[in-house]
1. Just the residues that are among the hydroxyl-bearing types (Ser, Thr, Tyr) and either in contact with a Leu (Cβ under 9 Å, 6 or more places away or on another chain) or within 20 Å of LEU82 (Cα to Cα) (or both), please, taken from the range 25-55.
2. Residue by residue through the range 101-146, note down the ones that are crowded, with 23+ Cβ neighbours inside 10 Å and more than 17 Å from the chain's Cα centre (by Cα).
3. Among the residues of the range 177-207, which ones are outside any helix (DSSP H, G or I) and within 18 Å of the chain's Cα centre (by Cα)?
4. If you go through the range 107-123 one residue at a time, do you hit one that is in contact (Cβ under 8 Å) with a residue 40 or more places away in the chain and among the hydroxyl-bearing types (Ser, Thr, Tyr)?
5. Does ASP34 satisfy the condition of being of a type in the set (Asp, Glu) and either touching an Asp or Glu at 6+ places or on another chain (Cβ under 7 Å) or assigned to a helix (DSSP H, G or I) (or both)?
6. Can GLU162 be described as surrounded by fewer than 15 Cβ atoms within 10 Å (Cβ to Cβ) and in a helix (DSSP H, G or I)?
Amino acid sequence: MANKDKVFDVIMAISDIIEEKKLYLTQLDAAIGDGDHGLNMAKGFGAAREKLESGSFQTPSDILKAVGMALISKVGGAAGPLYGTAFLNASKVVAGKEEIGLADFTAMLESALDGVKSRGKAVRGEKTMVDALEPALDALKAALDEGTAPEEALNRAVKAAEEGVAFTKTIRATKGRASYLGDRSIGHEDPGAMSSYVILKTIAETCSR
């Protein structure tokens, strides 16, 4: 499904799309949070891009680890530690591997999600990025069990994440700054869930090329 060159391409594509959508993500965050999510994410993935373009990396794990470290060191707010932990956890799952298959990616997403939930003390249904990532993981696991082709499995995961984002619009925030709004947070999509969906969609699209 992906070697180190493909993983490099995926990160470059994520950096591009986050830069493109940074104002949109920031507008989502301005409605219920600090109003800096998109700008912080663009800064973080911009730093990851610079790190990858200026270095030499031998395996997919090396690339993912570099991204995780860049996000943790360069991104303010909650996004840096959460996304950084996600990428670091994913890198550990495929340490030493030259190729990432669907089973590997599923395990990577599971470890990434575990890291996010542990670090953010969050569970599904609290209007966070978990509401996009966990349905995506469930879809991947089901597809893997059914022997689904990687491209179709990734598409199912993206669809599940998109539905998860829509779900966040219907619920009250109970985590982070958005929780201060109480019922007024209902009607707004969670920016972290949206950025998670955007990243998963970009992974799927880049891996299918």
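1. Going through the range 25-55, the residues among the hydroxyl-bearing types (Ser, Thr, Tyr) turn out to be 26, 54.
Within the range 25-55, THR26 is the sole residue that qualifies.
2. Residues satisfying the conditions do not exist here.
3. First, pick out the residues of the range 177-207 that are outside any helix (DSSP H, G or I): 186-190.
Of everything in the range 177-207, those that are outside any helix (DSSP H, G or I) and within 18 Å of the chain's Cα centre (by Cα) turn out to be GLU189, ASP190.
4. Checked against the condition, which is being in contact (Cβ under 8 Å) with a residue 40 or more places away in the chain and among the hydroxyl-bearing types (Ser, Thr, Tyr), the range 107-123 yields no hits at all.
5. Values: of a type in the set (Asp, Glu): yes; either touching an Asp or Glu at 6+ places or on another chain (Cβ under 7 Å) or assigned to a helix (DSSP H, G or I) (or both): no.
For ASP34, the condition - of a type in the set (Asp, Glu) and either touching an Asp or Glu at 6+ places or on another chain (Cβ under 7 Å) or assigned to a helix (DSSP H, G or I) (or both) - is not met.
6. Numbers: surrounded by fewer than 15 Cβ atoms within 10 Å (Cβ to Cβ): no; in a helix (DSSP H, G or I): yes.
No, not satisfied.
Just so you know, all these numbers are worked out from the coordinates, no wet-lab data involved. In this text the structure is predicted, and so the values were computed from the model without any measurement. Every residue, glycine as well, gets a Cβ built from its backbone with ideal geometry; the counts of neighbours run over all protein chains shown.
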